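First up is the structure itself, then whatever we jot down about it.
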Amino acid sequence: MNLQFKKMKPKKSYQHVVEEIQTAIVNGDLDSGERLPPEMKLKEMFDTSRGTVREALRVLEQKGLVSIRTGVKGGAVVKEANAEAMTDSIGIMIRHQGVSLDHLAEFRKLMEGYVAREAARTAGKGDVRRLRSILSQIKDLVNTRPSGWEKFHILDARFHRELARIAANPLIETNLTAIHENIETYFHEYLPFSRALLEEDCKDLEEIVRAVEDKNERRAEEIARRHVSRFSSLMEKNLENREDKNLPGKKTGSRG
């Protein structure tokens, strides 16, 4: 390991240490699983205090770039690059309804449409088989006549994650995964369960699979966007009815 960190400037704080180590990780100078120099060595390399180094390591740990191990063989170890922190942040925003229905619908129409189109363009036979397998499980669930969205949401999220995987854009896949793993918050709040809606949803997914299998990119995108629009409109309508009943006059800023 041949690390060449820049010395700290007098007015710089722990952020300088964070940026230098972060750059070394991103550039590949520090590999996944590699241990950083001990705190005292980092103190000398940066010509700073041990407290500054510790604060920097704490920030790097919060960013998900290193893990801090204790004990004789402890220290800061570089973590494998992943999108866990980003997924968690998006999930928290959605679970606490920090995203308006309008913004959620707008983002989903763009991304879901793109994903369906790309899946139709790139999907192989194995990809289609996996989509049909999930769809088959969804149909089996519908036939059991469920009384709520809970079990459906699990399979629905799996279906959309598979579409995103086929589209092969890790940033989009990460964002859509976070959304579909947490969107039930909005469904439970604004979309009362009905068997008719469940069957409509299932029909949309079946049409998407058919379009993907047929390599019909335009049709796949159209169905996906229509699917998001219909259910988002229903949630918007329920929100408006609730506001009309509880808050006469001007609506609140719940739309973002």
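The values are calculated or read from the model by the stated rules, or taken from the named source; none is laboratory data. Everything quoted here is computed from the prediction, not taken from an experiment. Here the Cβ is made from the backbone with ideal geometry for all residues, glycine too, and neighbour counts use every protein chain on show.
General observations
- Test: VAL26 is in contact with a helix residue (DSSP H, G or I) (Cβ under 6 Å, 6 or more places away or on another chain) and either modelled with pLDDT of 90 or more or not polar (S, T, N, Q) (or both): no
- Checklist (1) modelled with pLDDT under 85; (2) outside the structural domain of TYR186 (by TED's automatic domain parsing) applied to VAL53, failing item: (1)
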